[in-house]
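In what follows, a structure is listed as structure tokens, so that the remarks can point back to it.
The values are calculated or read from the model by the stated rules, or taken from the named source; none is laboratory data. This structure is a prediction, so every number in the text was calculated from the model and none was measured. Just so you know, the surface numbers come from the protein's heavy atoms only, side chains and all, with ligands and any DNA or RNA stripped out. Shrake-Rupley method; radii C 1.70, N 1.55, O 1.52, S 1.80 Å.
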Amino acid sequence: MLESCYRPLERCFGGGGGGDGLLWHMDLKPHASGDYSIAVVQANSLLEDQGQFALEQGGLSEEVIRKAFDATEEEFLLLVKRSWLAQPEIISVGSCCLVGAITKDLLYVANLGDSRAVLGRQVSDGRMTNGSMVVAERLSTDHNVAVEEVRKEVKALHPDDSHIVVLTRGVWRIKGIIQVSRSIGDVYLKKPEFNRDPIFQRYASPIPLKRAVVSAEPSILIRKLRPRDLFLIFASDGLWEQLTDEAAVDIVLKNPRAGIAKRLVRAAVEEAARKREMRYDDIRRIEKGIRRHFHDDITVIVIYLDQQQGSPSGRLKDHRPVDCTSAPVDIFSFNADEGDTSSIRILPEQSY
């Protein structure tokens, strides 16, 4: 069902590292309602972020999204059951998930974990807010126990466990292990029977669980798009650890479209460097793995909502969006070997 793109990604989509061997970006491409830009910077030895922008056909509803999340969770659980005797560490593998979809004039945002979607919206009455006429509107919920409301939620679900949330080396974690309260996978925190199995206990210390302490129930927002909605920023937590919602929106507002996702990534890395009294050039020379000590993997997708600015047909003239754009699975390997095309896939319209 999947086909490889037969040209290197940089020539196919206009990406490339731009001087940082762990940075990949695509400056600007059209989509059905405007333009979009993607950038990824790798910090971990293995890139833990994956981002994708796709054109799909078919109906969409909150029920469809919930079923898609449920199906993904169930399929991963089946994979774990098939694989864990040979690879017991798979039961501790998990992922956050952020999904955005636009159909007609409705925006759907669903998430597990702490990746985040933010809308840049023009102030309706012309008032200045913090020096800007565009405000940042957060569209997703951070399922991270660093947030007090999330800690309260988790504690309320586990009133019989006084150690359900623990402060470990200055960081709040569920059972002293994980920061996010919702995810795909992390089976060892959802299925106590795996935790009690001697095979797992040879791989890791047992965790006393009576029931699941992490959920796969997504938060879903449905919002009607309006003419004053200008752009969307979808990004992994690596961006938001460095930039506020308002700072990110301000950067998008005040800079050219081409390369805007890369500009956001660079701003985040510059902020990470500033915190260590370093320069951006110092950090970009650090190899993957070691670089994780300075910042996380960062994926950013910026989507401009031109269709909301007066294109009633829902599709701009001369825009021919590709079916699917995916970031490489390993930035360093891709930039080192421009001829490796294994990272990009074209999905058929009926895929899901």
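So the values come out like this:
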{"read-out": "Set of lysines with alpha-carbon distance to LYS191 below 28 Å, sequence-local pairs under 8 removed", "value": "LYS67, LYS81, LYS152, LYS155, LYS175, LYS210"}
{"read-out": "Under the Karplus curve 6.51 cos²θ - 1.76 cosθ + 1.60, θ = phi - 60°, whole-Hz ³J(HN,Hα) for region 281-297, x wherever Gly or Pro sits", "value": "4, 5, 6, 5, 8, 7, 6, 4, x, 5, 5, 4, 6, 10, 7, 8, 4"}
{"read-out": "Where ARG291, ARG151, ARG211, ARG66 fall by accessible area, highest first, once all protein chains stay in place (1.4 Å)", "value": "ARG211, ARG66, ARG151, ARG291"}
{"read-out": "Reachable lysines, given that their alpha-carbon falls under 16 Å from the alpha-carbon of LYS29 and they are not under 8 places away in the same chain", "value": "LYS262, LYS317"}
{"read-out": "Cα gyration tensor, region 209-274 - rounded (a/c under 1.5), prolate or oblate", "value": "oblate"}
{"read-out": "Length released on extending from LEU85 to GLU153, taking residue separation times 0.36 nm less the Cα-Cα span", "value": "21.1 nm"}
